[in-house]
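Only the coordinates and a few stated rules stand behind these numbers; no lab work does. In this text, all values refer to a predicted model and were calculated from it rather than measured experimentally. Neighbour counts are summed over all protein chains in view; Cβ atoms, including those assigned to glycine, are modelled from backbone coordinates with ideal geometry.
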């Protein structure tokens, strides 16, 4: 219970940043992406130290930092983003592979960990800002956090009260099927309430995104748990002692943000 309260307090400044939006939100996404990649890479290196070379990797921080700077420079200065984003994706993939050319020191896991960290953390988190930048639909950015945190909050309390059946014991032993259902309902309720109060013309879409987000946010949480279990760690970082790091707080957001963006950018215009 205490951990959930502390985690919620951590998010309050972020909500203020989302409310202001614009360049401030873009900067926050950049900082979260860079800090998250740092935690992710350190986790691989900790696995090497704790369990031996066969259980970890040595990702390239240089490639990751260059990728993050390049991605946000495209956002700030480019006119034709689509073509440059494809170029960025190509360069990120190529550089992650070229990192392996020092074959006496590098293994394939080093390149894969580098590429995974860039795409999973830096690129996925960038979608938060992309949603906020959507013409006419920038306020849909709130659905990212309502879906992710609404799912987390209701899943916790539902699982605590009604939880009997384990959801994925091999991945996250404490999660229950009842908690997952409660989290799904929480996401729908939070997103539906937001649509009813602030976006009545898009209420149906908000409910749909609440349903999708209630599933996707839990998949994001479980994905992070898979990484941690395979790396043999409890938390990605120690931003707050006993409560984990950036990735431990934003794992569900990383999956939810792209889904909200692509649905809003592609589906809503077709149904308007």
Legend entry - Residues 38, 23, 249, sorted so that the one with the fewest Cβ neighbours within 10 Å comes first: 23, 38, 249
Inset, instruction - Provide the FRET efficiency to the nearest 0.05 for the residue 94-residue 46 pair, computing r from the beta carbons and using R0 = 35 Å. - result: 0.80
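Between residue 168 and residue 86, what length comes free when the chain is fully extended (0.36 nm per residue of separation minus the Cα-Cα distance, one decimal in nm)?
Here the answer is 25.9 nm.
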Legend entry - Whole-number D in µm² s⁻¹ for the range 2-271, Kirkwood Cα-pair radius fed into Stokes-Einstein, 25 °C, 0.890 mPa s: 127 µm²/s
Legend entry - Whole-percent pair-distance distribution, where bins are 5 Å wide, for the alpha carbons of the range 53-187: 2, 9, 13, 13, 12, 12, 13, 14, 8, 4, 1
Legend entry - Helical contribution to [θ] at 222 nm, DSSP H n ≥ 4, -39,500 (n - 2.57), averaged over the chain, rounded to 500: -24500 deg cm²/dmol
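Could you work out the relative contact order of the chain, using alpha carbon pairs under 8 angstrom and six or more residues apart, expressed as a whole percent? Please list the in-between numbers first.
Working: 378 pairs, mean separation 53.5, N = 272.
That works out to 20 percent.
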